[in-house]
1. With label points built 7 Å along Cα→Cβ from the Cα atoms of T72 and E45, find their separation and express it in nm.
2. Computed FRET efficiency, Cβ-Cβ of T132 and L20, R0 41 Å: what is it to the nearest 0.05?
3. Relative to the present Cα-Cα distance, how much length would full extension add between L146 and V13 at 0.36 nm per residue of separation?
4. For the stretch 10-189, state the average projected area of the convex hull of the C-alpha atoms over all orientations, rounded to one decimal in nm².
5. Between K185 and N32, what's the calculated FRET efficiency when r is the beta-carbon distance and R0 is 25 Å? Round to 0.05.
6. Show which lysines lie in cross-link reach of K192 when reach means a straight Cα distance below 18 angstrom and same-chain residues fewer than eight apart are skipped.
7. Test of understanding: extend the Cα→C-beta vector of S64 to 7 Å, then name every residue of the stretch 136-158 with backbone N under 16 Å from that spot.
8. Which of the lysines could a cross-linker bridge to K96, judged by Cα under 18 Å and excluding same-chain residues fewer than eight apart?
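Here, each number is a calculation from the coordinates, and none is a lab measurement. Since the structure is predicted, the reported quantities are computational estimates derived from the model, not experimental observations. Please note: Cβ atoms are built from the backbone with ideal geometry, for glycine as well, and neighbour counts cover all protein chains shown.
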Amino acid sequence: MLNRPRGYSLIEVLIALAILGVLMGLGIPAFNTMMKNFQIRSAAESLVAGLQAARNEAVNRNTSVRFQLVTTLTNLCALDDNGPHWMISRNVPTGKCAQTEVADFLEPNDTAIPQILQKRFAQDGTAYIAATAAGVPVSAVIFSSLGRTNGGIDTIDVTNPMGGACEAAGGPLRCMRILIGAGGKVKMCDPKVAVTTDSRYCQ
């Protein structure tokens, strides 16, 4: 006589669902933290790319070029040390951020519009930017024709308060820091790293 296949009892199904629920409860927070860390790193990499592009534009054009954080990319924009968007321009773009990127068609001394070279929307609304110079909030850095800085931002911290505190403060998030040297060198580092020989160390 053939044995009929045995089905699952209600108790076995409930136990399986309970185990699945526990696993999901453990995994979802870890996944959320991973996504927040990805957002932080993505925002930091975008800022590094913008800073390096501003420096290259200054050298290539043999003139000073600004990198700045702004509140919006509309004509309501203002410079802001916590600005979620960034812009590269020849002149201060306040109130003119919606202008077309037409710098190559303007006279070098034309200050009627900001001579925008590049602009980028924030990659993610949950990342938080804090730009400073010697610890004081500041919204822009100016690169000279030699690629050096003429003052402005020297540190940008990228965090995500919606996801919790940074690891350096005992939280779960791997926050990033961007350092801008007087010579124009841009470096992304990790404030959590304490080993001075580690390339991620914030000198």
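1. Calculated label separation equals 3.0 nm.
2. 0.30
3. Length gained, L146 through V13: 40.9 nm.
4. 13.0 nm²
5. The pair K185/N32 has a calculated efficiency of 0.15.
6. The qualifying lysines are K36.
7. Residues 139-154 qualify, since their backbone N sits under 16 Å from the label point.
8. Within the straight-line limit of under 18 Å, K96 reaches these lysines: K119.
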